[in-house]
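A short write-up of the structure that comes next.
The values are calculated or read from the model by the stated rules, or taken from the named source; none is laboratory data. Being a predicted model, the structure only gives us computed values, none of them experimental. Quick reminder, even Gly has a Cβ in these numbers, built from the backbone with ideal geometry, and neighbours come from all protein chains shown. Just the protein is used for accessible areas: all its heavy atoms, side chains included, with ligands, DNA and RNA removed. Shrake-Rupley method; radii C 1.70, N 1.55, O 1.52, S 1.80 Å.
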Amino acid sequence: MLVVLGDPDFFGRFGFRPSTDFGIVGEEPAWEHLFQIRTLAAYDPSVQGEFIYPEPFGGI
């Protein structure tokens, strides 16, 4: 899956949906409406939980 943090109106055009539709939450609850996912061919619906940004990307 691809994960983005951005405007739902913009990224929705490219097939992104709210992360909560997939059982995934971000580190910052205030950003929930901006946290989005687009699945890929190998998507496994059993992958769920909290998404944590790696340190190089400024993990909160």
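Can you name every residue in the stretch 35-50 that is touching a helix residue (DSSP H, G or I) at 6+ places or on another chain (Cβ under 7 Å) and open to solvent by less than 70 Å² (accessible area, probe 1.4 Å)? Correct list: PHE35, GLN36, ILE37.
The set of residues from the stretch 20-45 being out of contact with any Asp or Glu (no Cβ under 8 Å at 6 or more places or on another chain) and either of a type in the set (D, E, K, R) or assigned to a helix (DSSP H, G or I) (or both) comprises ASP21, PHE22, GLU28, PRO29, ALA30, TRP31, GLU32, HIS33, ARG38, ASP44.
Within the stretch 31-46, being farther than 18 Å from PHE57 by Cα and either of a type in the set (A, V, I, L, M, F, W, C) or in contact with a His (Cβ under 7 Å, 6 or more places away or on another chain) (or both) holds for LEU40, ALA41, ALA42. Let me confirm something: among GLY49, GLY23, GLY15, which residue is on the phi > 0 side of the Ramachandran plot, small (Gly, Ala, Ser), touching a residue at least 12 places away in the same chain (Cβ under 8 Å) and in contact with a Lys or Arg (Cβ under 8 Å, 6 or more places away or on another chain)? When all the criteria are applied, what remains is GLY15.
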